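Written out below as structure tokens is the structure these notes cover.
The values are calculated or read from the model by the stated rules, or taken from the named source; none is laboratory data. These figures come from a predicted structure and were not determined experimentally. Positions of Cβ are generated from backbone atoms using ideal geometry, with glycine treated the same way; all protein chains shown enter the neighbour counts. The protein model used for the area step is the full one, side chains on, heavy atoms only, and it has no ligands, DNA or RNA in it. Shrake-Rupley method; radii C 1.70, N 1.55, O 1.52, S 1.80 Å.
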Amino acid sequence: RMNKKLQSQINEIRKLFDKTVEQDNERKKILENQNEKLEQMVTIRTDEVVRQKAEIESKNRDIIDNLRYAKRIQEAILPEIKLIYQTLQNSFIIYLPKDIVSGDFYSFAQKNNKVIIAAVDCTGHGVTGAFMSMIGTSLLNQIINENGVTQPAQILTHLNSGIKEALKQSEGENELHDGMDIALCSLDLDNYKLVYAGANRPL
């Protein structure tokens, strides 16, 4: 009787053990499946991130290449430094664009034995500032070289009108503050007389 009872208990224990092992195996399978799914998800996400990174790097390269090309164009419209140094031997220029292209520019012209020099800071930085500097350079060349204006105050008056016209700014629009700060000098080489005019820039 004791043997039968013990045998019965042993059988019960075996069944419980088998059931536990079975449940354990099921748990392992579930975990393995979950791990596989997670690994698949991680692989998909990693591939996506790698693809996006490559796309961003490619677009960034294109933008940088375009900016470098824009820089060459911007530098091409700046006055020839050799010409400046020929006329003003003891002069120097520090021109260090912050964002490849620049919202700052310098100007130089010689008309009727007068030298006109300017240092200009346009609103905006990088590309926006560079566009403004192109407008400013073009207007200054037109005012001085084509129209023959050499008085600094008159140059600034014409420049102000030209910028308003170029940017389609009307007198009543207070919200538009696009423009440029400028220090402009006219140097009379015959009489050694310097005349200055500025907008938000001291001599």
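How large is ³J(HN,Hα), in whole Hz, for each residue of the range 83-93 in order, when computed from phi with the Karplus curve 6.51 cos²θ - 1.76 cosθ + 1.60 and θ = phi - 60°, using x for Gly and Pro?
5, 5, 5, 5, 7, 10, 4, 9, 9, 8, 10
Given R₀ = 30 Å, FRET efficiency for Asp62-Glu36 by Cβ-Cβ distance, to 0.05?
Efficiency for this residue pair is about 0.15.
How high is the FRET efficiency from Gln142 to Glu75, r the C-beta distance, R0 22 Å, rounded to 0.05?
The computed FRET efficiency comes out at 0.65.
Assuming R0 = 25 Å, can you tell me the calculated FRET efficiency for the pair Tyr95 and Asn200, based on Cβ-Cβ distance, to the nearest 0.05?
For Tyr95 and Asn200, the calculated efficiency is 0.80.
Mind checking which of Gln89, Gln23, Gln34 has the largest fluctuation in a GNM of the chain, springs on alpha carbons under 10 Å?
Largest GNM mean-square fluctuation: Gln23.
Taking K and R as +1 and D and E as -1, what net charge do the other residues with C-beta under 13 Å from the C-beta of Glu12 add up to?
+4
Over 22 Å between Cα atoms: which of Lys71/Lys111; Lys15/Lys37; Lys111/Lys193; Lys71/Lys98 fall into that group?
Lys71/Lys111; Lys15/Lys37
With θ set to phi - 60° and the Karplus curve 6.51 cos²θ - 1.76 cosθ + 1.60, what are the ³J(HN,Hα) couplings of the range 57-70 in order, to the nearest whole Hz, using x for Gly and Pro?
In residue order, the calculated couplings are 4, 5, 5, 4, 4, 4, 4, 4, 4, 5, 5, 5, 5, 4 Hz.
Roughly how tilted is helix 152-166, in degrees to the nearest 10 and between 0 and 90, from the longest Cα axis of the chain?
Between the helix axis and the principal axis of the chain, the angle is about 40 degrees.
Does anything in the range 82-109 have its amide N under 14 Å from the 7 Å Cα→Cβ label point of Asp181, and if so which residues?
The answer is 103-105.
Considering the values (i) 22.9; (ii) 21.5; (iii) 18.3, which represents Kirkwood radius over Cα pairs in Å as calculated for the structure under consideration?
(i)
Could you work out the local net charge near Pro152, counting Lys and Arg as +1, Asp and Glu as -1, over the other residues with Cβ closer than 14 Å to its Cβ?
+3
Which whole-number percent is the relative contact order of the range 103-142 (Cα, under 8 Å, 6+ apart)?
Worked out over the range 103-142, it gives 43 percent.
With every protein chain present, what accessible area does Glu26 have (1.4 Å probe, heavy atoms only), rounded to the nearest 10 Å²?
100
May I ask for the net charge around Ser186, where only other residues with Cβ less than 14 Å from the Cβ of Ser186 are counted and Lys, Arg are +1 while Asp, Glu are -1?
+1
What does the accessible area of Thr20 come to, in Å² to the nearest 10, when a probe of 1.4 Å is used?
In the full protein context, Thr20 sits at about 80 Å².
Using only Cα atoms, find the angle between the long axis of helix 126-141 and the longest principal axis of the chain, and express it within 0 to 90 degrees, rounded to the nearest 10.
On a 0 to 90 degree scale, this one is about 10.
Given labels modelled 7 Å from the Cα in the Cβ direction, how far is it in nm from Glu26 to Ile10?
Each label point lies 7 Å from its Cα, and together they span 2.8 nm.
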